[in-house]
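Read-outs throughout are calculated quantities, based only on the coordinates presented, and are distinct from any laboratory measurement. Predicted, not measured: the structure shown is a model, and the values here were computed from it. Cβ sites come from the backbone with ideal geometry, for glycine too, and all protein chains shown count toward neighbours.
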Amino acid sequence: MRHLQLIAISGAIGSSVFLSIGKPLTGGPLALLLGVSLWSTVIWGISNCLVEMCTLFPVEGGFIYYATRFLDPSMGFSLGWNYFICQVSLICGEFTSMNVLIAYWAPDLTPAVVIAVGLALLVAVQVFNVRIYGETEFWISILKIFMIFGAFLFTFIVMVGGNPKHDKYGFRFWKDPGPFAGVTGVDAAQNVWRAIQWAAYGIVGPDYISLVAGEVQHPRRVLPKAFNSTIYRILGFYVGGAFFAGLNAPANDPSLLGASGAAKSPYIINMNRLGIPYLPSILTAGLLISLFSSTSSMAFAASRTLYCMGLEGHAPKIVTRTNKHGLPYVCVLVVLALGCLSFMALGSGSATVLSWFINLTAATQMITWIAVAASYIRFRAGMKAQGLTNSFLPARGYFQPWSAWWALFWSPIALIFSGYYFFAPGTFAVADFLFTYMAVFIFVVLCIGWKVRNVIKFQESWFGIEATEMDFKTGIPELEEMTVQAEEDWQNNPQTKLDKVVNRIF
């Protein structure tokens, strides 16, 4: 249980809550808080969808498998590739963020050095030390928790006067330049929308839990608790992060608007403003460890996603090759090779390339949320058509089916209008447009292409899976037997006091 919870936390706390959050903060602290809070409800809705499907069918592949089983095989195929692109773009984005952080200490250091070192370390972890990957991520995740709550505690202490200048600034930045950075009306609404766009990139949902559901030893005991705790991670890390970031720097701070590197972090801006020594460097070092940990998690997820697609015939057969330890080394090498796209920062600059990967990641994640919500709605339609009631489900999500419809309403809107500013006179840029909408084009082309292929081979129809024909039986007897055995093992193995404390926390 502790590993499952902290793997989800490890993926949740990256550079976004400390570094890239400075960009939406330029729209004002209240705009940032409102945008993040609104999108958090969408992610919670996604969690409410997955808890029902994952506890009924705890299988490897998670939401990709559900799209194939309840929506359409072609959707599952294209969703798998979409998620692979998402993880690769996150890897490239994190490598670019590492260069942005290193620039705080060595602004003249070429990005090539940072990215090359990062890739070399990633090879070492993914190829040579993969057996200790899980335990390493567990302890680094604990470090991340201390970092974020330490940042919150720091904010509270310094805002009430606990700083070298004894400046009791409190909510000063909410008053000047104001909650919406001194603007009203349409401009204020645009600031909120920009915060929503950042949240679509920065808020990592319960997808990691879904992907590893098939490897959980006591899935119907552990998974509901893991999914239901999503709301606390969202409130603690993202809504809390948005609130405290807005207390650390004004929206019109010159460093926030014009600086590059770690100097754009609201926390480091405040530390430098108050003349606090050492802490900026300590936070930057902690962020580098956090970023590398997140990158390692994404490389692991990307390589295993590609490997699973190879086993299903959705990727070239060569990617299924493994070494004598079972490591899918071809997949790892492919992911690391694609990580070299980070070297684009040499030509266009780290800040520009980071914004490209943020846009690409946000698009792929919104496609994922659309597919999850649609899969769940079809899942419930299948249950209804076959006379299955809620008692058939091992766990229930909150406010269903309204949670699914809420996510399905907002995700397409956020995706379609994510690049609305491109179409203003004189603002269109080809690179920005491609990185914002390229994922949509790839998803549609893959989906249509795979559909045509399967129809030609008589492997599926044009109209997807009928509700009356959905499979709610395959795997259920085995899962029921496994659940009974797991419960017996749980009851027969008495827990120590430490186990009870860990289980209560996680």
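Taking label positions 7 Å along the Cα-Cβ direction at both Ile476 and Phe156, the computed distance is 4.9 nm, reported to one decimal.
Which of Thr320, Thr474, Thr55, Thr110 has the fewest other C-beta atoms within 10 Å, and how do the rest follow up to the most? Write down the numbers at each step before the final one.
On the way: Thr320 18, Thr474 9, Thr55 24, Thr110 12.
Neighbour counts put them in this order, fewest first: Thr474, Thr110, Thr320, Thr55.
Extension gain for Phe417-Ala189 works out to 80.7 nm (0.36 nm per residue, less the C-alpha to C-alpha distance).
Neighbouring Cβ atoms within 10 Å as the yardstick, rank His218, His314, His166 fewest first.
Fewest-to-most ranking of His218, His314, His166: His166, His218, His314.
Ordered by the count of other Cβ atoms within 10 Å of each Cβ, fewest first, Leu109, Leu306 give Leu109, Leu306.
For the range 437-481, the Cα-based Rg and Dmax, in that order, read 15.5, 45 Å. Measuring nothing but how far apart in sequence close Cα pairs (under 8 Å, 6+ apart) lie, relative to its length, the range 164-323 scores a relative contact order of 20 percent. When the chymotrypsin sites (Phe, Trp or Tyr not before Pro) in the range 151-253 are filtered for DSSP coil states and for at most 13 other beta-carbon atoms within 10 Å of their beta-carbon, the remaining sites are Phe171. Partner lysines whose Cα lies under 17 Å from the Cα of Lys264, excluding those fewer than 8 positions away in the same chain, are identified as Lys23. Annotation for Ser391 and Phe409: the two label points, set 7 Å from Cα along the Cα-Cβ direction, are 3.3 nm apart. With a threshold of 24 Å on the Cα-Cα distance, the over-threshold entries among Lys225/Lys324; Lys144/Lys175; Lys384/Lys473; Lys317/Lys457; Lys384/Lys451 are Lys225/Lys324; Lys144/Lys175; Lys384/Lys451. In a DSSP loop and with at most 14 other Cβ atoms within 10 Å, the chymotrypsin sites (Phe, Trp or Tyr not before Pro) in the range 78-115 are Trp105. Full extension of the chain segment joining Ala116 with Asp167 gains 14.1 nm, where the gain is 0.36 nm per residue of separation less the Cα-Cα distance. Between Val444 and Leu143, the modelled labels are 4.4 nm apart [label points 7 Å from Cα along Cα→Cβ].
Mind checking the full-extension length gain between Ile289 and Lys324? Use 0.36 nm per residue of separation minus the Cα-Cα distance, one decimal, nm.
9.6 nm
Spatial offset of the range 183-232 relative to the range 383-410 amounts to 18 Å, using the alpha carbon center of each.
Note on the range 136-237: Kirkwood hydrodynamic radius from all Cα pairs is 17.4 Å, rounded to one decimal.
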